[in-house]
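Working notes, structure below.
The values are calculated or read from the model by the stated rules, or taken from the named source; none is laboratory data. Predicted model only: the values in this text are computed from it and were never measured. Here the Cβ is made from the backbone with ideal geometry for all residues, glycine too, and neighbour counts use every protein chain on show. Ligands, DNA and RNA are stripped out before the accessible areas are found, and what is left, the full protein with its side chains, is counted by its heavy atoms. Shrake-Rupley method; radii C 1.70, N 1.55, O 1.52, S 1.80 Å.
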Amino acid sequence: MSRDLVALVLAAGQGTRFRSRTAKLLHPLLGRPMIRHMTDTLSALKPVKLLVVVGHQREEIMRRVADPAAGFVVQREQHGSGHAVMSAAPILRRRPKADILVVNGDLPLVTAAMLRRLLLRHRRRRAALTFLTAELRNPYGFGRVIREGGTWRIVEEKDATAAQRLVRESNIGAYVFRTSDLLAVLPRLSNKNKKKEYYLTDTIAELACMGRRVEPCKVEGPEAEGIIGVNTRFELARAAEVFRLRKIKDLAEAGVTFLDPARVWIEWDVRIGRDTTVYPGVTLEGETRIGSDCVLHPGVHLRNAIVGNGAAVLSHSVLSDCRLEDGVRVGPFAHLRMKSVLRAGSRAGNFVEMKNTDFGRDAKAMHLTYLGDAAVGEGANIGAGTITCNYDGVRKNPTRIGAGAFIGSGTELVAPVKVGKGAYVGAGSVITKDVSPGALSVSRARQFEKPGWAARRKARRKASLRPSRKKRKTGR
Amino acid sequence: MSRDLVALVLAAGQGTRFRSRTAKLLHPLLGRPMIRHMTDTLSALKPVKLLVVVGHQREEIMRRVADPAAGFVVQREQHGSGHAVMSAAPILRRRPKADILVVNGDLPLVTAAMLRRLLLRHRRRRAALTFLTAELRNPYGFGRVIREGGTWRIVEEKDATAAQRLVRESNIGAYVFRTSDLLAVLPRLSNKNKKKEYYLTDTIAELACMGRRVEPCKVEGPEAEGIIGVNTRFELARAAEVFRLRKIKDLAEAGVTFLDPARVWIEWDVRIGRDTTVYPGVTLEGETRIGSDCVLHPGVHLRNAIVGNGAAVLSHSVLSDCRLEDGVRVGPFAHLRMKSVLRAGSRAGNFVEMKNTDFGRDAKAMHLTYLGDAAVGEGANIGAGTITCNYDGVRKNPTRIGAGAFIGSGTELVAPVKVGKGAYVGAGSVITKDVSPGALSVSRARQFEKPGWAARRKARRKASLRPSRKKRKTGR
Amino acid sequence: MSRDLVALVLAAGQGTRFRSRTAKLLHPLLGRPMIRHMTDTLSALKPVKLLVVVGHQREEIMRRVADPAAGFVVQREQHGSGHAVMSAAPILRRRPKADILVVNGDLPLVTAAMLRRLLLRHRRRRAALTFLTAELRNPYGFGRVIREGGTWRIVEEKDATAAQRLVRESNIGAYVFRTSDLLAVLPRLSNKNKKKEYYLTDTIAELACMGRRVEPCKVEGPEAEGIIGVNTRFELARAAEVFRLRKIKDLAEAGVTFLDPARVWIEWDVRIGRDTTVYPGVTLEGETRIGSDCVLHPGVHLRNAIVGNGAAVLSHSVLSDCRLEDGVRVGPFAHLRMKSVLRAGSRAGNFVEMKNTDFGRDAKAMHLTYLGDAAVGEGANIGAGTITCNYDGVRKNPTRIGAGAFIGSGTELVAPVKVGKGAYVGAGSVITKDVSPGALSVSRARQFEKPGWAARRKARRKASLRPSRKKRKTGR
């Protein structure tokens, strides 16, 4: 491409129709704020300069833009898209020979490929302005593209006549200008309209009046279906759906089985390996990475979880900020979190929680267990109902369980405490002192029996109930 | 509106295609029986009289109609919609100057707005009969509206020719009559047809024959898409989907984020505050109320739950008939039920159940715990694996835990019992007697160790296994 | 039908676009491998011979074909569909008077009814070849049916011109040949094309050249929508959706309520009784059978589970290879597995796991319990936090609990062990010896108290913290 490109994102608005304390472009779309999707798309075009016009909640917007080379223009008051571009005029003047790509910030579904085609057409046709349009099934909310007297005009939804509303070719909100033409036309914009705003769309008719070449560049076919302006949270959800199904389709074609693609929630940065099966009702968030040949059962919820190859995450397990090595099997109803690592071949069963725990190779904790701040050695067996008492009311203390140890069911391990390699702990013990390797440790009261107790108790109860019934009757 | 309105709902049928012991109109649609949706819609029109024609399971139908001013007409045998209206004739005769709105009971998606337009048109045009029609994409099951010789006729699906089936304008099943004209035409209806029933639809042709003004009033556009006659459970599910998405869209536009609107089950009476985020896979039933700035994770199931502002309900938590104050955080896998109240800032973690429990401000119960019939003071810490033994085989007994108390892990509290303010209970204790404020209470056996036990056991086991292996071999 | 029918399924390919180690036709569709759906459909036509052409992973393919009368033809190298049929020619020659139905293996949505119509038309018209076509909304991936000079030709997607791609009538991949004509045309097929393959579709043009009668038989209307060629996992998911909704609609019309049909995963062999309600988010796999008047809450996951009448399976319960008798109520968060039987009227509550357990009539285990290898008598009450210690590190041992027994909360039952009928076990006990019928058995340490301990501890902690803070400061 012969000329330099400056990219400009309009991101100053609050987005009142979101009815949120949070500015619209900070709302996440598959785990990333919308503004981030926009700047990522524009960065892919390798502009010499990426500018973001900010206003509402600008500090937060500026923090969430990923591109460290991005620059920011502050638009203190918001008087329309034309006004936003005026705020950037001083910077644009320094690049008189560049092309300026201006994109509304709420178009996360516009792809770099679409913008490349827009740019290419603009340059080939040596236009003053080329703007992106699409033939939409439901153009509600978009300005319509009206051809009048050999040129083009955009009519905003709210200013459109009934006939104009039937037009389906819509202005999407992405424009390429020759800088010199943009700078020439900006002062001619007026705010004499219902909303008293400067519309960037008016540049189309104005430049045409000035005799400059102005042309639409239309997106067609299934690609156009994907274009949604995100003005409400409901539209945000629809945009997320399009994004999500694109991503799932790509993964499916790379060898992942989704039993029901519509029923998986998957964020943008998640990766999944070949021949892994994902059931319906799975939620995958953050930087989650799943290996190959895994299975993720219904209701599984992973956030920043790393899962190795050949692992099984059974129904309803919840994993966050943890790692499962190859061949690990967890759940159903496992809850693994905060820096826990499950070594190869280990297993965590139902109603088992691990927090900040290093769980050894081939170790098992199959039922009703809480391991917090623990290190468990290879092949250890943690009985049902085992609890690490890691919190003494003030601080968290560590528990160490040696390789091959056997912790009997219903044991409390009062941390800090160590159980040696190959040691046994008897069921129902409270372990407050370290256990030597290979030893058996038990804390248990003697079992005693009161024969015939049930019958005597029944008799007592009958006796005690009789008078109380009388009393109740008397009381009425 | 100049004339009085009498509204009549036809609700006598069993709905055989539902193949249910329960009458069709008693089946719930987003948590309310269909008959209730119908009578609510009609009550909104403020008729001078709301009449329901009942037959099958009439006591139950009558109980579920919310409007206390509604009257009922019993149709003992069901011989068609015309016959149903005949059953109401004696009452209608008392209102000769009213308009009569007759609506089939299985049209929950017909809105008050549609009926108001029907009524308005009827009155403006001074018609004898105005009937609601819609241009349906899939008119299957509806009678078709046929124009013949300057007037209209309805042909039922089962009596229609192939050509008539192609007609998409369909009779929905809502009619406004001038009372006098309705009473005049009813005796002219005949049951000479395949099903030997009196069709109310025949009034259209008959009134036209009598030279009266009869006109359709058509619903068009996206509104028409929503009209579904509910004859099977599959159609009921489709109607529920339309209803549900309407409700979710309204909530989204009022400031609630639904990550995937299609994947939330929400009943009619549920309310949600602004800036609350609802993940896919959430189920909200009954009189559930959610505050603002909350998050509801995947798999959360609430029924009659009240949730304050800024609360987090983490994955797969199940809450019923309970209340969470502001800033409470529960789950994943919390199960809170039956009159439990969690005070502001308190937390219930994974595999934690509460029943009829008052859980104090900033108190915590994070793991594997059952609190039943308990009162827990402010800031108390309930260790992992704590169980209130509230049931002695005969009655439920209360447990009281004072503010700031610390219950060690793996404790059984044998109710009735009290733990005083600021008291400590050692891990693994069985508490059968009250604990004084500020005291430490423990019931624990001494921990003892048998060194080298594991090696000896292994040796014993080897010795005992050798002969048994021989035996097995011999046995073959 | 006057002539014999031989059915031939083409099942030799790997299905490279699946990007899987497993051959395409082995991938499951609602719990059954695709090849099984195909052979079931063809078996329904009662052919005199059912032949499957196998190649990739043929042992596994052969094992998964259900029809014991099926024969197999090995195609060692795969050079196209025409080549596959050539491999079967020797067998076909033995049936010169039969009709040969050839069907691609990846058409699970083609029904027996469609194939019967194809066959009927073929025979009525005395054609040499009749092939199934459909007017598809999205014909991508299918060969297009082109009429040229009074005859027909199929153009494969990859060889089609842009104009040909616009044709929507597509060749599905199911053909009936007169055997003699098929044998005559096979030697005329050529592999002079982009992929160097013998296309079976070329028989259409060749037979026409030879002056034989060749005709399409078109599937139209909504049936055609269901036809999807399964070339990728994404298409497999779409096929599963069509299948699944067909099955759910059938069940709904037979009297099952699905609140949201799109959100239930149900495999092919699952059965459900009348007036049962299925919430969204339910997963039903394998040979699961649900009785009538049941309710399945959100998140329920059943695999090979038998559920009697009037049972309730509450939220997120996971059941596999187990049986619930009439009126049983389990969950939320119950996990029942491996040969467990819950007798009539019994209840398993939250965070309760049973494995290989026979749980008696009206028995209850409501909270935080693990029963493994246990037999529990009628009406027994298993307290919260009860654990059977069935594993001693070497083998699994049984636990027997008598009818009417009461197991106090927090009890460990160290197996092998028996608790007699009507016996009581005190809360927090470790039971290592059998308990006599009607007796009370307890193993519990005395509860003792240290008054004022909390205050003293606080003082000690303050004292000990002061110097350590100093140290930290010094250390910097």
Kindly state which helices (runs of 4 or more DSSP H) lie completely within the range B:142-227 and contain at least 2 residues that are buried (at least 20 other Cβ atoms within 10 Å of the Cβ). B:179-185, B:202-209
Could you pull out the residue among A:Ala384, A:Ala363, A:Ala415, A:Ala380 that is small (Gly, Ala, Ser) and touching a Cys at 6+ places or on another chain (Cβ under 7 Å)? A:Ala415
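Each row is one residue, and each column tells you yes or no for (1) under 17 Å from A:Gly173 (Cβ atoms); (2) surrounded by fewer than 20 Cβ atoms within 10 Å (Cβ to Cβ).
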| site | (1), (2) |
| --- | --- |
| A:Arg58 | no, yes |
| A:Met62 | no, yes |
| A:Pro68 | no, yes |
| A:Gln78 | yes, yes |
| A:Leu107 | yes, no |
| A:Arg117 | yes, yes |
| A:Arg124 | no, yes |
| A:Leu129 | yes, no |
Six or more apart or on different chains, Cβ under 8 Å: which pairs go from a residue in the range C:434-451 that's more than 10 Å from chain A (Cβ to nearest Cβ) and under 15 Å from B:Ala427 (Cβ atoms) to one that's open to solvent by 80 Å² or more (accessible area, probe 1.4 Å) and part of a loop (DSSP other than H, G, I, E, B)? Could you list them? C:Gln447/B:Lys433
Can you run down the residue pairs with Cβ atoms below 8 Å, 6 or more apart or on separate chains, where the first is in the range C:318-338 and of a type in the set (S, T, N, Q) and the partner is open to solvent by 50 Å² or more (accessible area, probe 1.4 Å)? C:Ser320/C:Arg303; C:Ser320/C:Arg337; C:Ser320/C:Met338
Looking at the range A:22-35, can you tell me whether even one residue there is surrounded by 22 or more Cβ atoms within 10 Å (Cβ to Cβ) and more than 25 Å from A:Asn304 (Cβ to Cβ)? yes
Do we have A:Asn191 as touching an Asp or Glu at 6+ places or on another chain (Cβ under 6 Å) and at negative phi here? yes
Considering only residues that are assigned to a loop (DSSP other than H, G, I, E, B), over 15 Å from A:His297 (Cα atoms) and within 14 Å of chain B (Cβ to nearest Cβ), which ones fall in the range C:311-332? C:Leu314, C:Ser315, C:Gly331, C:Pro332
Can you spot a residue in the range C:380-397 that is within 28 Å of the chain's Cα centre (by Cα) and within 10 Å of chain A (Cβ to nearest Cβ)? no
Options C:Lys418, C:Lys450, C:Lys433; residue that is of a type in the set (D, E, K, R), farther than 27 Å from B:Gly331 by Cα and touching a Leu at 6+ places or on another chain (Cβ under 6 Å): C:Lys450
Taking the range B:361-379, which residues are under 30 Å from A:Arg460 (Cα atoms) and either hydroxyl-bearing (Ser, Thr, Tyr) or within 12 Å of chain C (Cβ to nearest Cβ) (or both)? B:Tyr370, B:Leu371, B:Gly372
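Looking at A:Val53, is it open to solvent by 10 Å² or more (accessible area, probe 1.4 Å) and farther than 30 Å from B:Tyr279 by Cβ?
Spelling it out, it is not the case that A:Val53 is open to solvent by 10 Å² or more (accessible area, probe 1.4 Å) and farther than 30 Å from B:Tyr279 by Cβ.
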Kindly provide the set of residues from the range C:225-254 that are farther than 16 Å from C:Gly31 by Cα, within 7 Å of another protein chain (Cβ to nearest Cβ) and free of Cβ contacts under 8 Å to residues at least 24 places away in the same chain, ordered by number. C:Phe234, C:Lys249, C:Ala252, C:Glu253, C:Ala254
What are the residue pairs meeting all of these: first residue in the range C:153-182, first residue free of Cβ contacts under 8 Å to residues at least 60 places away in the same chain, second residue surrounded by 14 or more Cβ atoms within 10 Å (Cβ to Cβ) and in a helix (DSSP H, G or I), Cβ atoms under 6 Å, and 6 or more apart or on different chains? C:Arg153/C:Ala205; C:Ile154/C:Ile204; C:Val155/C:Gln164
Pairs, please: C-beta under 6 Å, at least 6 apart or cross-chain, first residue of a type in the set (S, T, N, Q) and in the range C:49-64, second open to solvent by less than 10 Å² (accessible area, probe 1.4 Å)? C:Gln57/C:Ala23
For residues that are on the phi > 0 side of the Ramachandran plot and not acidic (Asp, Glu), scanning just the range A:364-379, find the one that is nearest to the chain's Cα centre (by Cα). A:Leu368
Can you tell me which residue is nearest to the other protein chains (Cβ to nearest Cβ) among those in the range A:289-310 that are under 15 Å from the mean Cα position of the chain (by Cα) and of a type in the set (D, E, K, R)? A:Arg303
Kindly indicate whether A:Val417 is open to solvent by less than 70 Å² (accessible area, probe 1.4 Å), more than 8 Å from every other protein chain (Cβ to nearest Cβ), under 24 Å from C:Ala445 (Cβ atoms) and at pLDDT 95 or above. yes
Does any residue of the range C:196-214 turn out to be closer than 25 Å to C:Met114 by Cα, of a type outside the set (D, E, K, R) and without any contact (Cβ under 8 Å) to a residue 60 or more places away in the chain? yes
Checked B:Gly422, B:Gly428, B:Gly438, B:Gly452 against criteria (in contact with a strand residue (DSSP E or B) (Cβ under 7 Å, 6 or more places away or on another chain), on the phi > 0 side of the Ramachandran plot and of a type outside the set (S, T, N, Q)); the one match is B:Gly428
Out of all the residues in the range A:428-456, which are under 19 Å from B:Val442 (Cα atoms) and either touching a Phe, Trp or Tyr at 6+ places or on another chain (Cβ under 6 Å) or open to solvent by 10 Å² or more (accessible area, probe 1.4 Å) (or both)? A:Gly428, A:Thr432, A:Lys433, A:Val442, A:Arg444, A:Ala445, A:Arg446, A:Gln447
Whichever residue in the range A:255-288 is acidic (Asp, Glu), assigned to a loop (DSSP other than H, G, I, E, B) and touching a residue at least 40 places away in the same chain (Cβ under 8 Å) and, among such residues, is farthest from the other protein chains (Cβ to nearest Cβ): A:Asp269
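Taking into account only those residues within the range A:197-213 that are over 14 Å from A:Ala174 (Cβ atoms) and among the hydrophobic types (A, V, I, L, M, F, W, C), which is farthest from the other protein chains (Cβ to nearest Cβ)?
Checking each candidate, the answer is A:Met210.
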